[in-house]
Amino acid sequence: MEFNTKIALPETFKSDCVAVGVFADGVLTASARRIDGITRGALRSAVVSGDMNGARGATVLLRSLPGVASARVLLVGLGKADAFGERSFAEAVRNTVKAAGPGSTSLALAAAEWQVRGRDSRWHASALVSAAREVSFRSDELKSKKDDGATRLERVTLLLDKRDPGTERGLTEGRAIANGVDLAKRLGNLPANVCTPDYLAQQARKLQRDWGIGVQVLDRRQIEALKMGSFLSVAKGSDQPPRLIVAKYQGAGRGRFVNPIALVGKGITFDSGGISIKPAGEMDEMKFDMCGAASVLGTLRAAAELKLKLNLLGVIPACENLPSGRANKPGDIVTSMSGQTIEVLNTDAEGRLILCDALTYVQRFKPAAVVDIATLTGAIIVSLGSVISGLFSPDDELAAELLAAANNASDRAWRMPVDDEYQDQLKSNFADMANIGVRGNAGSIVAACFLARFTKDMRWAHLDVAGTAFRGGSAKGATGRPVPLLTHFLLARAGA
Ligand code: BES
Ligand code: MN
Ligand code: ZN
């Protein structure tokens, strides 16, 4: 789907469909009034007849209105004008695309009218692309018959009354983010028998071919040479070989790869729990346990597409967590790359076991900041549900940057504590630390505290996206989060 702008009026611009908004109680927006004027009240009569009351979610399609260049006029209910916020905006765009999509290949809309207070034209354009791309995303590559109801829309034109650099910039950013989100969703949705650690590595290699991102893939022997005993202990229960994916986007100029922002993504392609096996219900959803990794790949793609002027390092430890005769057993003690020993009291707390070694590894790049992204704990779902991602960082400045990025991206995050008091839970009688704390006791904070032990000399933040990276139930599927948050963080860092 392409997005462009045009300085034109809604009644004279020719497309398959022109969408105009109607607020609650039939209050017409300016472009709706224009079309109403030249059609001698066609829109008013839709309101008076009760066909369109302006309620959120309502749409009415009118055809062949005299004097209107487009074949169709789509009335879109926007709800109460004073309650029109970010969610109503996204919903209105989604409904517009859904209603126009089956019959039209081109859509025009007066972009400036659906105004969310406090948001500029850049935000509106970017949010419009995100919402439109969200409803056109399909996950049918493994279906023999493709999903119907797919939109036919090929082009969306924002009608403006004057040139606006903010809108253009928002469209460009929105496109790049939506492409990154779609990549993350696609990888997340693929089943674990397709999306293996090596498959993720091949996807990184594809980013190298398509976007010139430097990619190195380390196999088991090379991971052994790095002494990543913690990561390898998780991997060894599976017949799928582990991979350590190292990707470098060098946007800060030629020469040495210096001061990168490092993104570390949890790449458990399937989490059965291992010997501490999970219950059977919904276990299929543990194919999504590589969504952190997928968000790193999606963000790398977005950064490259936007040609961001910064260096970006993506590191992904990828493996399966399965039970077998070679798997970690509760009580096993492993030695991490940092030299610290870990008592594996629960093999299902495997995310931290692979991330700790990846975090130790990124230290050698002297990153300006490191952010890890992981579907790390069920406990974060208890805290924040599926609405908001958990943000953990001992670094106030970095936390503030990430919260600002979350706000700009409308990809929400909430800062959680990582106070040292929680570290006590990780005491072990036999090793430097245990990999779990006390059941039912601040599990996502304790997990963050575990990671904090491996990031002492770096500016570090951790995003727990177990609740936000995918949905369960009938809307089951990856969301692509937190690619928007991360891309906005990078945009700000790159001074864009
Ligand atoms: N991948 C899971 C966390 C998870 C749970 C992600 C639900 C998405 C949805 C993680 O590896 C895990 O199993 N965590 C355990 C940790 C516990 C054993 C300390 C958990 O949250 O139960
Ligand atoms: Mn687990
Ligand atoms: Zn897991």
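For segment 435-450, give me each residue that is in a helix (DSSP H, G or I), open to solvent by 10 Å² or more (accessible area, probe 1.4 Å) and within 14 Å of ligand 2 (Cβ to nearest atom).
Correct list: 443 only.
Within segment 135-148, identify whether any single residue is open to solvent by less than 10 Å² (accessible area, probe 1.4 Å) and either within 21 Å of residue 21 (Cα to Cα) or in contact with a strand residue (DSSP E or B) (Cβ under 7 Å, 6 or more places away or on another chain) (or both), and answer yes or no.
no
Just one of (1) in a loop (DSSP other than H, G, I, E, B); (2) open to solvent by less than 20 Å² (accessible area, probe 1.4 Å) trips up residue 73, so point out which.
For residue 73, the exception is condition (1).
If you go through segment 421-428 one residue at a time, do you hit one that is farther than 13 Å from residue 371 by Cα and in a loop (DSSP other than H, G, I, E, B)?
Yes.
Conditions: (1) open to solvent by less than 40 Å² (accessible area, probe 1.4 Å); (2) within 19 Å of residue 157 (Cα to Cα); (3) out of contact with any helix residue (DSSP H, G or I) (no Cβ under 8 Å at 6 or more places or on another chain). Residue 41 meets all but one. Number of the miss?
(2) is the only condition that residue 41 fails.
Quick test of your reading of the structure: residue 243 fulfils all but one of (1) within 14 Å of ligand 2 (Cβ to nearest atom); (2) touching a strand residue (DSSP E or B) at 6+ places or on another chain (Cβ under 6 Å). Name the failing condition by number.
In the conditions (1) within 14 Å of ligand 2 (Cβ to nearest atom); (2) touching a strand residue (DSSP E or B) at 6+ places or on another chain (Cβ under 6 Å), residue 243 misses (1) alone.
Scan segment 268-290 residue by residue and report those that are closer than 22 Å to residue 234 by Cα, more than 10 Å from ligand 3 (Cβ to nearest atom) and not β-branched (Val, Ile, Thr).
276, 279, 280, 282, 283, 284, 285, 287
The conditions are (1) buried (at least 24 other Cβ atoms within 10 Å of the Cβ); (2) out of contact with any Ser or Thr (no Cβ under 9 Å at 6 or more places or on another chain), and residue 312 fails exactly one of them. Which is it?
Checking residue 312 against (1) buried (at least 24 other Cβ atoms within 10 Å of the Cβ); (2) out of contact with any Ser or Thr (no Cβ under 9 Å at 6 or more places or on another chain), the one that fails is (2).
Select from segment 328-368 the residues that are more than 16 Å from ligand 3 (Cβ to nearest atom) and among the basic types (Lys, Arg) and write down the one among them that is least open to solvent (accessible area, probe 1.4 Å).
So, considering only residues that are more than 16 Å from ligand 3 (Cβ to nearest atom) and among the basic types (Lys, Arg), the one least open to solvent (accessible area, probe 1.4 Å) is 329.
Take the conditions exposed (fewer than 14 other Cβ atoms within 10 Å of the Cβ), at pLDDT 95 or above and basic (Lys, Arg) and apply them to residue 243. Does it pass?
Spelling it out, it is not the case that residue 243 is exposed (fewer than 14 other Cβ atoms within 10 Å of the Cβ), at pLDDT 95 or above and basic (Lys, Arg).
Looking only at segment 421-433, filter to residues that are of a type in the set (Asp, Glu) and without any contact (Cβ under 8 Å) to a residue 24 or more places away in the chain; which one of those is least open to solvent (accessible area, probe 1.4 Å)?
Among residues in segment 421-433 that are of a type in the set (Asp, Glu) and without any contact (Cβ under 8 Å) to a residue 24 or more places away in the chain, the one least open to solvent (accessible area, probe 1.4 Å) is 424.
Could you identify the single residue in 57, 118 that is part of a loop (DSSP other than H, G, I, E, B), modelled with pLDDT of 95 or more, of a type in the set (Gly, Ala, Ser) and under 26 Å from the mean Cα position of the chain (by Cα)?
Among 57, 118, only 118 is part of a loop (DSSP other than H, G, I, E, B), modelled with pLDDT of 95 or more, of a type in the set (Gly, Ala, Ser) and under 26 Å from the mean Cα position of the chain (by Cα).
Right, residue 468: surrounded by 24 or more Cβ atoms within 10 Å (Cβ to Cβ), of a type in the set (S, T, N, Q) and part of a loop (DSSP other than H, G, I, E, B) or not? Break it down into steps so the answer makes sense when it comes.
On the way: surrounded by 24 or more Cβ atoms within 10 Å (Cβ to Cβ): yes; of a type in the set (S, T, N, Q): yes; part of a loop (DSSP other than H, G, I, E, B): yes.
Yes; evaluated as a whole, the condition is true for this residue.
If the Cβ limit is 8 Å and pairs must be 6+ apart or interchain, which residue in segment 457-468 that is under 19 Å from residue 487 (Cβ atoms) pairs with which residue that is of a type in the set (D, E, K, R) and within 15 Å of ligand 3 (Cβ to nearest atom)?
If the second residue must be of a type in the set (D, E, K, R) and within 15 Å of ligand 3 (Cβ to nearest atom), the pairs left are 461/372; 462/372; 463/372.
Within the bounds of segment 387-406, is there any residue that is open to solvent by less than 10 Å² (accessible area, probe 1.4 Å), within 26 Å of residue 480 (Cα to Cα) and polar (S, T, N, Q)?
Start the filter on segment 387-406 by keeping residues that are open to solvent by less than 10 Å² (accessible area, probe 1.4 Å), which leaves 389-393, 398-399, 402, 405-406.
Now restrict to residues that are within 26 Å of residue 480 (Cα to Cα): 389-393, 398-399, 402, 405-406.
This time we only want the ones that are polar (S, T, N, Q), so: 389, 393.
Yes, segment 387-406 has at least one match.
Starting from segment 266-294, keep only residues that are hydroxyl-bearing (Ser, Thr, Tyr), then list their pairs with residues that are within 10 Å of ligand 3 (Cβ to nearest atom) and assigned to a strand (DSSP E or B) whose Cβ atoms are within a distance under 8 Å, requiring at least 6 positions of separation or different chains.
Correct list of pairs: 272/321.
When segment 1-36 is examined, which residues are found to be within 23 Å of residue 154 (Cβ to Cβ), of a type in the set (Gly, Ala, Ser) and outside any strand (DSSP E or B)?
The answer is 8, 15, 31.
Go through segment 270-289 residue by residue and tally those that are more than 10 Å from ligand 1 (Cβ to nearest atom) and under 19 Å from residue 482 (Cβ atoms).
1
Could you look through segment 315-327, keep only residues that are closer than 23 Å to residue 373 by Cα and of a type outside the set (S, T, N, Q), and pick out the one that is most open to solvent (accessible area, probe 1.4 Å)?
Residues of segment 315-327 that are closer than 23 Å to residue 373 by Cα, as a first pass: 315-322.
So of that shortlist, the ones also of a type outside the set (S, T, N, Q) come out as 315-320, 322.
Details: 315: 0, 316: 2, 317: 1, 318: 0, 319: 0, 320: 21, 322: 49 Å².
The qualifying residue most open to solvent (accessible area, probe 1.4 Å) is 322.
Just one of the numbered conditions (1) more than 22 Å from the chain's Cα centre (by Cα); (2) open to solvent by 10 Å² or more (accessible area, probe 1.4 Å); (3) within 16 Å of ligand 1 (Cβ to nearest atom) is not true of residue 379; which one?
Against the list (1) more than 22 Å from the chain's Cα centre (by Cα); (2) open to solvent by 10 Å² or more (accessible area, probe 1.4 Å); (3) within 16 Å of ligand 1 (Cβ to nearest atom), residue 379 comes up short only on (1).
The values are calculated or read from the model by the stated rules, or taken from the named source; none is laboratory data. All values derive from a computational prediction rather than experimental measurement. Every residue, glycine among them, receives a Cβ derived from its backbone with ideal geometry; neighbour counts consider all protein chains shown. In case anyone asks, the SASA skips ligands and DNA or RNA and just uses the protein heavy atoms, side chains included. Shrake-Rupley method; radii C 1.70, N 1.55, O 1.52, S 1.80 Å.
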